Amino acid sequence: MMVLFFLKFPGKLPIKVYYGRWLVEGNPPVILFDLGMVVWNEHKWKKELWDACQIGLPNDDREANNALLFGFLTAWFLGEFWVQHGSEQRPYIIGHFHEWLAGVGLLLCRLRHLPVATVFTTHATQLGRYLCAGKTDFYNRIDKFDLDREAGERRIYQRYCLERAAAYCAHSFTTVSRITAFEAKHFAQAQSRCHHTQWTQS
């Protein structure tokens, strides 16, 4: 069952939020934001991201623009959560951000100096996905690619930049497999901070 409620957000309108339980083992709580409620902030937030990181998002990349909206909402929510529930006795908030789509929220947590320990996890890099699909003899040439040029030619430069920035800025950068860790060391340019996470099943 999902519960609909509204959160007060700085600006014109409150935010529509859904709260429920994920139907997986453990039934973890889930919060869903209605991005349509904050779309009027898009251009302002793009400028803020550019001013802080020099990462530009083109108007025709709807997925990247939604990631921008989600990221600003996520950082705002974590900041408000700390204000209302954090203290010197309860200082620990961990934000686990999966894939480039969540990268903006991680960057804002760091830029705003929020008391949040950040983890960034990727299952495969954006550029790696595209290069593998293009039959480029990927793993034998992995250290030969001109990354900026390859990302630009595939029109994913903004996604590649968000992913690389999140990997670099996260307190901990992890991958879900050894082969992805190998890929990330070359493509995310955060080789000294990349850790393969070994998942086990009981």
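The values are calculated or read from the model by the stated rules, or taken from the named source; none is laboratory data. Keep in mind the model is a prediction, meaning the values are calculated, not measured. No Cβ is skipped: glycine too gets one built from the backbone with ideal geometry, and neighbour counts run over all protein chains shown.
Given the criteria within 18 Å of residue 176 (Cβ to Cβ), exposed (fewer than 13 other Cβ atoms within 10 Å of the Cβ) and either assigned by TED's automatic domain parsing to the domain that holds residue 47 or among the aromatic types (Phe, Trp, Tyr) (or both), does residue 123 qualify? Let's see the steps before the verdict.
Values: within 18 Å of residue 176 (Cβ to Cβ): yes; exposed (fewer than 13 other Cβ atoms within 10 Å of the Cβ): yes; either assigned by TED's automatic domain parsing to the domain that holds residue 47 or among the aromatic types (Phe, Trp, Tyr) (or both): yes.
So residue 123 passes the test.
Considering 63, 48, which residue is under 16 Å from the mean Cα position of the chain (by Cα) and either of a type in the set (Gly, Ala, Ser) or outside the structural domain of residue 6 (by TED's automatic domain parsing) (or both)?
Numbers: 48 fails: under 16 Å from the mean Cα position of the chain (by Cα).
Of the residues listed, the single one that is under 16 Å from the mean Cα position of the chain (by Cα) and either of a type in the set (Gly, Ala, Ser) or outside the structural domain of residue 6 (by TED's automatic domain parsing) (or both) is 63.
From 82, 40, grab the single residue that is farther than 21 Å from residue 114 by Cβ, more than 19 Å from the chain's Cα centre (by Cα) and not in a loop (DSSP other than H, G, I, E, B).
40 is the lone residue from the list that is farther than 21 Å from residue 114 by Cβ, more than 19 Å from the chain's Cα centre (by Cα) and not in a loop (DSSP other than H, G, I, E, B).
Could you say whether any residue in segment 59-82 is more than 24 Å from residue 39 (Cα to Cα), modelled with pLDDT under 90 and of a type outside the set (Ser, Thr, Tyr)?
Yes, there is a match, as at least one residue in segment 59-82 is more than 24 Å from residue 39 (Cα to Cα), modelled with pLDDT under 90 and of a type outside the set (Ser, Thr, Tyr).
Kindly evaluate residue 58 against the criterion of being touching a helix residue (DSSP H, G or I) at 6+ places or on another chain (Cβ under 9 Å) and not assigned by TED's automatic domain parsing to the domain that holds residue 96.
Answer is no for this residue.
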